[in-house]
Every structure is written in C-alpha cells, then in structure tokens.
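Just so you know, all these numbers are worked out from the coordinates, no wet-lab data involved. Small disclaimer: the values here were computed from a predicted structure and weren't measured. Glycine also receives a Cβ, built like all others from the backbone with ideal geometry; neighbour counts cover every protein chain displayed.
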Amino acid sequence: MNPFSTPTRLRDMIRAIRACKTAAEERAVVRKECAAIRSAISENDQLFRHRNLAKLMFIHMLGYPTHFGQLECLKLIAAVDFPEKRIGYLGLMLLLDERQEVLMLVTNSLKQDLNHSNQYIVGLALCALGNICSAEMARDLAPEVERLLLSRDQNIKKKAALCSIMIIRKVSDLAENLMSPAASLLKEKHHGVLIAGVELCTDLCKVSASVLEYLRKTCIERLIRILKDISNSSYSLEYDIAGIVDPFLHIRVLKLMRILGQGDADSSEYMIDILAQVASKTESKKNAGNAVLYECVETIMGIEATSGLRVLAINILGRFLSNHDNNIRYVALNMLMKAVTIESQAVQRHRTTILERVKDSDASIQKRALDLVFLLVNETNVKPLTKELIDYLEVSDQDFKGDLTAKICSIIDKFSQEKLWYTEQMFKVLCLAGNYVKDDVWHALIVAISNAPYLQGYCVRSLYKVFQTYSDQESLVQVAVWCIGEYAEMLVNNVKVLEMEEPMTVTESDAVDVVEASLKNCSSDITTQSLSLIALLKLSSRFPPTSERIREIIMYHKGSVVLELQQRAIEFNSIIQRHQNIKSSLLERMPVLDEMTYNLKKASSSQANVSADKTSKSNSRASLKLPNGVIHATATTDLDLLDLSSDDNPANTSSSKDYLHDLLGIGLTNTESTDQGIAPSEGTDILMDLLSIGAPTVQNDILISDAVSSNQGIAPATKPSSTIQVMDLLDGKQTNTSISDYQNPVHPSIIAFQSNTLMITFTFTKQADDPKVTQIQATFTNLSSDAYTDFVFQAAVPKAFPIITLEQSRMN
Amino acid sequence: MINFVLLISRQGKVRLTKWYSPYSQKERSKVIRELSGLILARGPKLCNFVEWRGYKVVYRRYASLYFCMCINADDNELEILEIIHHFVEILDRYFGSVCELDLIFNFHKAYYILDEILIAGELQESSKKTVARLIAAQDSLVEAAKEQASSVSNMIAQVTK
C-alpha cells in the first residue's frame, strides 16, 4: 500500500459496502478495511485516526468484531483537540461496554477532561460518563461531578445532573451528598436544567428514604409553582409541543410529585388543586396532551387524593377508552386495571365501554379489556355481562377464543347462583367453543348435573337438540353422550319437563342413533369413543329392545387397534350377551357425585390430576380391573358399570379406600396412585380396590369375624373373633371367576396373611336380605408346632365402614 | 428510564443502537434479533407498545425506519412516543428533511444529536432550539480544527515534497 495514499474516506467505504450484492462480497470489503485500519493503528498513524475510528464504528454496527480498535479510542480521548476527543468518546460509548476492563484506563482522561476549560469538552466527558460507567469509575469521579453541578453553565449543569443519576445507580451510598445540590437545581429557570434536576430528585428518592423525606419537606412548593407556571403560561415558541408548553417538564414534575405524595397525606393535600387544574385544563387532542393527562391520572391515583379527584381521573380514563387512537385505549385499560382496586364503583360506570374494547381489533387491547371485565364482574351484572361475552364468543377469532372461553367459564363458575342458569350458559359455551373448553370445566359440569335431579331431564333434552348442529365441538359431544347414556329414559319419556321447554319426542332408536353417530364420527378422539361405548351399553340396559342393535355397533370395535376400545367392545359385548341378569343392576343410575369434595379435590390435586388424566385415559381399562387410585370424572364414566342403587348416598371420601386396601392386604391397588388424593370424590372408588370395582357407600357395616383354627388345637386360648362385613357391590353372585373379572360380585376367599407359623384366610359372604352388609369370616390356621396362646386379632377399618366384631365362632 | 434505543430499517438492518443499561455484546445482538423479529412483524393498525421480557418497548415507524425505545414497566409510554418524535424532529431540522440515507452516511452525527437529547436514559433537553444550538457550536469547533489542520498539513506537504 502506498504510504502516502490516504485511507478511504468514510462515505466511500460506506458506499462500497452498500454496493455489495452478497454477504461474501461485504465480508471481503470489511476484511480489507479492517486490515488497513489495523496496520494504521499499529503504525500509530496520527493523521487519519479520526477517519479510521469512524470507519471502525460503522463496521462494528454491521456486526463485525472490532476489539482491536478499543485502545485507539483511548488514545483519541487523550488527544488534545476537540474533534479527536469527540470521536474518541463516541467510539468509547459504541465499542465498549461496562464490563470491559479497558474502561478503567479511561478514568484518568475523564478526570482531566472534567476539569477542562473548554465547556464542550467537559460536556463530552460528562456525557460519556453518564452513559457508560462502572462502579469504580463512579466512586472515583463523583467529587468532580458534584462540583460541576454547581457550575454556572446551564449545559454543564444539566449534564452533570444526569451524570449523577448514573453515578447513583452504580453507587447508591452517594445519594445523600447530592441531596441539597439537587434540591437547589429546582430553583433554576432553564427548562433543561429543571428537567434534569427533577429527574435527579426522582432517582434520589427511589434510592434513599432520607432524601425522600428531605425533598418532601423542601421541594413540594417549588414543584407546584413550576407546574403552575408552565400550565398557565400562554405560549412559548421554544417549548411548545402541540399546544402544550413543555409537556416533558409537565410529566416529569407530575412523576416526582407522585413519588413525594405517595403515602403522605399532608403533601398530597397541597397537590390536589394543581392536579385538578392540570387534569381539567389540558387539551387532549394530540398525543402530547394525552401524555400529560395520563401522567396526571397516574399521580392522582398514586397519592392520597380525595374521592372526587379520583372520580375525575377515572372519567378521564373513560374518555380515553373511546379515543380513536389505539395507544390511548391501551394505556387507559392498563390504568383502569390498577384503579379497579381503589375505586371500583367509578370504574363500573364505564363497563359498557370496556366491554366494547373486548371486541377491539388489536389483540393486546382485547386481552386487557377481557382481564378488566373479569375484575369487574359481580353478582348484579354477571348475567348481562356473560350474555355479551358469549355473544362475542361466536364471532371472535381463533387466537382469542381460548382466552375468552376460559374467562367465561370461570365467571360462570364463580358467580352462578342457580344451577339452571349455570347449565344453560355452559351449554352455550360448549356449543360455541367446545374445543377450547378445558377438561376440568366440563367435568365440573357433569358433577353439577348429577347433583341436580330436577335438571337432568332438561339437560339431556337440550344436549340432544344441539347435538346435531354442533357435533364438531368435542367437549359438547362428550357431555351429551354421557348425559344421554345416563338419563336416556328421561329423554325418551319426557320426564321432568321444565316450563320453558318445547315439547319433543325422541324415540329409543333416535337416542341410539345419536350415540352411534358420535362413535362413528372419524374426528372423535379416544375419550369420546370410549364414552360412547359405555353410553351405548347403558342404553342397551335401559332400552332392552335396542340391545341387539347396540351389540352389533359395539362388535364393530372388537378389532379396533386402540386397546381401550377393543377391550371395552369385547367386555361390553360379553355383558350384553351373557349377563343379562346382572346387566340392569350393573348399569343403574350413577350415584350422585359429591360436588363439595370434588371441588376440594380439584383444587388440591389439580396438578396431580393433570398428569393423572393422561395416564388414566390410557389405562382406564386397567382401572377397572386393577384398582387404580387415579380416578376422576372421566374414569367415573368407565366405572358406572358398577353402579349401585344407592343414589342418595353422598359419595364417601376416598381416603377410606386406603385403609381398606391396607387392611386386607390386597395387592391389587397401585400404591402410589392411591396417594394422588383419589381425586374424584365420586364414591365409586371406595371399595374399588377391595373388589376391583368401586362403589360409594356410607352406611356400611363392617363386621369382622374370624375363626381361629389351629392344627393342633392344644390350648384353647381366648381368641377374640369378629366378623367383617364388607359392602358388596353386585348382589350376591357367587362365581368362580378370578379377581380380575370385574363382573364377579362376591370376592373369592383370599389368603390375607401367610407365614411359616400362621395363615389367615378370609371368606366373604353376603346375606341376601341386606346387601350392604358383608360378612367376612377369618380363618386362622396355626402352621407351627406350638400352640398359640393369647391370640388377639384386631381389625381396623376406615371411619366410613362400621365394623362389628363378633365372637369367635368356633375353634378346631 | 430508557434502557436502550434502537433504530432498525424495514429489512431488519440496524442503523443506530444506544445502550443505557449493562448489556454484553452477545446479549446486545440477541436483543436486537428478538426485537427486530417482534416489531417488524407487527401490523400497522396495532398499538405502538409491545411487552417484552417484563419491559415495554415503544416504537414508531417513520418512513422506512423503526425507532424503538425500551422502557421500564412503570414509565409513561405516551411520553416516550413524544421523545421519539422530539428526536426525529431535531434530526429533521439538522439534516433538512432527513431520510434513512442521511442516517447511514452520517451515523456519527446522529449519535452526537442523540447524546444531546438523552443521557443515562433520561431526557436532557426539551428545547429543540437549544439542542440545535449546541450541536452547531460543536460542529463549528470541529470545522475550525479541521481547517487549521488542513492548512498545517498543506504546509508540511509543501515542505516535505
């Protein structure tokens, strides 16, 4: 390279880079320039340092590494002339960041420049320090900056004030030193200095409570006067923006007033007048005016203002809500959410406007408005609000539907006072957005329906009506299918018709058609199909003439690739074909699901449920055979095969299940799953693990009986005996099928305990007249060669099962 | 407080960045990438505020440039819109109908102007006239120094020829 040729000018290099068509070309140009700059730096070229650094900065902005230029910045800063210093400081701020150690080397130059005679150089130094400063630098240079705060030059003063802000951020202990200089800055006339001073005071208050106190005592009047001056002054060419004199100063002063007045009633009192004046006088046609009003409203809500002033503030926000500008509406909604806790009455007045915002085209405004509406709902306005929201649900777009549905469901859940309204609204939501409704929501709906016998007819009929039109909404189909299965005879016989219903005739085969349709629908998922299978089974029991047809439908799934469906199909088919005698009792009405315990469980084990949900769906078949602690509403529908006629018994808490499980030592239950709170309080789980089927019961008498027999009945010891009677599910059918056969009504005898010396066998019998009582005969066999003396047998059962221990019956 | 200022073109090219909070070089490029994606994808009718990582980013589009400023959650967004406009107007006065090309070729001057408007992420001067005056004074200092230097180097060049 010719030693006398000058390096390319900045604009030529920029032009060359911009002219590159590909990234590779650009890299080549940049590499060439970097090489030139590097050699210039190493040769210590004085003449074109300025230009080279500018080029380096541009290259840095493109994203290329430029570490080699960092020391060059330092050299330039240490130069004598203003242009070099200027570009040097710019390079420093651009190429370095706080964490670099190189920064420390600048401290000395900065100190010298802060004491320079040229005020522009001082300005450069203050600016650089204010933008990029480490804690050590802050400590070293704080005295200089403090001194400069008292300089006579306005430019220096304001820069020094802002630089102090940066220093305070790094080293907060220095706050107290700046207390009085900062306060005196507020006496200035120059707007730039005022703004900087106000900002410094604001930051000082955030950092130090003592400064806050000091400023509270000394500055409030000054601030009010400043605000008054600019608010009342007519027009100033220099500071006018959209008709307001220096909105920036307005806003900063208002912010500082908020910090000073927060929590302090005395200070707040002084401010009330000027705040009211600003709030009412400021024009709100342009953004500048709105910005001032917004800050004013924030301040009013932040200090201890009078109620009248607060209402004024909220009305301003209400006006904002109807503004054409998106930004203003967004800001207003934000503010209203904060205000709702303080002045909810006033916010309620703007409910209709807020509701309008839910239909806005901007997604973030929609979301905010919805959150705000949710906060505003109370008992009086819940019905019209829900109606509006559901109407909007119909036309809302997909991204928003999920949120909207969730919120509507929680509103309905929280505020519904009567079941009829609750079920009506839930049906509407299911129709419009069933696919967005979460599982636990429609589970809760089912629980509610089962608890409201007078509504069941209405529910099943409404669901039947809407089924055809909205069959693509998965949750709706699931709820409908369940209800039709359960309450089919109400549907067909028009039982319990409410006044507002229109008359409708549904035949048995119509009901079967509906369920068949959901089964055959190819977009149904496994849960829907499983539910449909069970519903069909229930229908075959409730409407015997349809059995054969139903059996054919079920048979279709015998070869299904989904294990769940295949199992069900085969088993249900077997029930229909071979077990007509027990079928009706098997499929009786489900016991009422206990709402309260369901809610408690839902709240406490919602986490467990979420994971349990997934596992149980896949082995809900297993849950029938092997008592699986994970049960919740969907599993319930699987278990409804095993209904009991005890409709009115509220479901037992499922904790009893654990005890029974442990007592009888049946290794059928999944021990870890029993820990999952047995989420459903639907009583079907209670004895499930005992006999691999669940049943709710409260009034069970448990009698424990044991008969002790010993091999060598030598010493007749007193042996207490007791009879265990355990509730049996399916009426006294004795079959020799295995435990895993869910149809087995009475449990075959089991070996409860076996060791080298003792064997305990339980046999179960039931009296025909009292199905709730099961007798367990415990037989003790002494397997050892010694005799037992003082043999004591004790049995413990959960509270739900009363146990009566009878005398030892006999001894062999 | 303004955490950083970002000027990006419609194609996602960075024209100016100024950081008032500690961000390492890697973090800076990550932030730029994220925000470019976020902001350039927004439609024209949406509001000018985006929530991002717990901060708020206020942006406004002027011709082919997006001016973005990231602020804390408790700051006044409408005021930042005004500050952005303040900056653009001063640029306009300085360059005379500023366009993106001016900011590309004279990026250092854009930085100088920004440094007269913001320090430490806070507003420094609300009067456009004062800012213009200060910039003009400093520019004339540079001009004067340049003239001096060029005359001296002329003499030297003459002497060493």
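Assorted remarks:
- Given A:187/A:255; A:217/A:281; A:187/B:56; B:13/B:56; B:26/B:56; A:206/B:26, the pairs whose alpha carbons are separated by over 26 Å: A:217/A:281; A:187/B:56; A:206/B:26
- Label positions at residue A:759 and residue A:785, each projected 7 Å from the Cα along the C-beta direction, are separated by 1.9 nm.
- One chain, two ends: residue A:548 and residue A:22. Fully extended at 0.36 nm per residue, the span grows by 181.9 nm beyond their Cα-Cα distance.
- Based on DSSP H segments of at least four residues, each scored -39500 (n - 2.57), chain B has a per-residue ellipticity at 222 nm of -17500 deg cm²/dmol.
- In Hz, Karplus ³J(HN,Hα) per residue of segment A:219-236 (6.51, -1.76, 1.60; θ = phi - 60°; x = Gly, Pro): 9, 4, 5, 4, 4, 4, 5, 4, 4, 4, 4, 6, 6, 8, 5, 7, 7, 9
- FRET E, pair residue A:454, residue A:349, Förster distance 56 Å, beta-carbon r, rounded to 0.05: 0.90
- Take the Cα of residue B:73, step 7 Å toward its Cβ, do the same at residue A:417, and the gap between the two points is 3.6 nm.
- Between residue A:117 and residue A:378, the FRET efficiency estimated from the beta carbon spacing at R0 = 45 angstrom works out to 0.05.
- Across A:157/B:146; A:367/A:401; A:111/A:159, pairs whose alpha-carbon gap is larger than 19 Å: A:157/B:146
- Residues whose amide H lies under 5 Å from that of residue A:283, counting only those 5 or more places away or on a different chain, are absent; hydrogens are built 1.01 Å from N in the peptide plane.
- What the Cα atoms of segment A:375-525 give is an Rg and a Dmax of 15.3, 47 Å.
- Take the Cα of residue A:505, step 7 Å toward its Cβ, do the same at residue A:750, and the gap between the two points is 5.3 nm.
- The GluC sites (Glu not before Pro) of segment A:23-125 that meet both conditions, a loop assignment by DSSP and at most 11 other Cβ atoms within 10 Å of the site Cβ, are A:43.
- Taking other Cβ atoms within 10 Å as a rough exposure proxy, A:236, A:785, A:231 sort from fewest to most as A:785, A:236, A:231.
- More than 13 Å apart - percent of Cα-Cα pairs taken over segment B:88-155: 69 percent
- In Hz, Karplus ³J(HN,Hα) per residue of segment A:111-127 (6.51, -1.76, 1.60; θ = phi - 60°; x = Gly, Pro): 4, 5, 5, 5, 9, 5, 7, 6, 5, 6, 5, 4, x, 4, 5, 4, 4
- Estimated FRET transfer efficiency when R0 is 35 angstrom, pair residue A:363-residue B:11 (beta carbons, to 0.05): 0.90
- Partner lysines whose Cα lies under 17 Å from the Cα of residue A:55, excluding those fewer than 8 positions away in the same chain, are identified as A:32, A:75, A:85, B:109.
- For segment A:339-424, the C-alpha radius of gyration sits at 1.06 times the compact-globule guess of 2.2 N^0.38 Å, with N the residue count.
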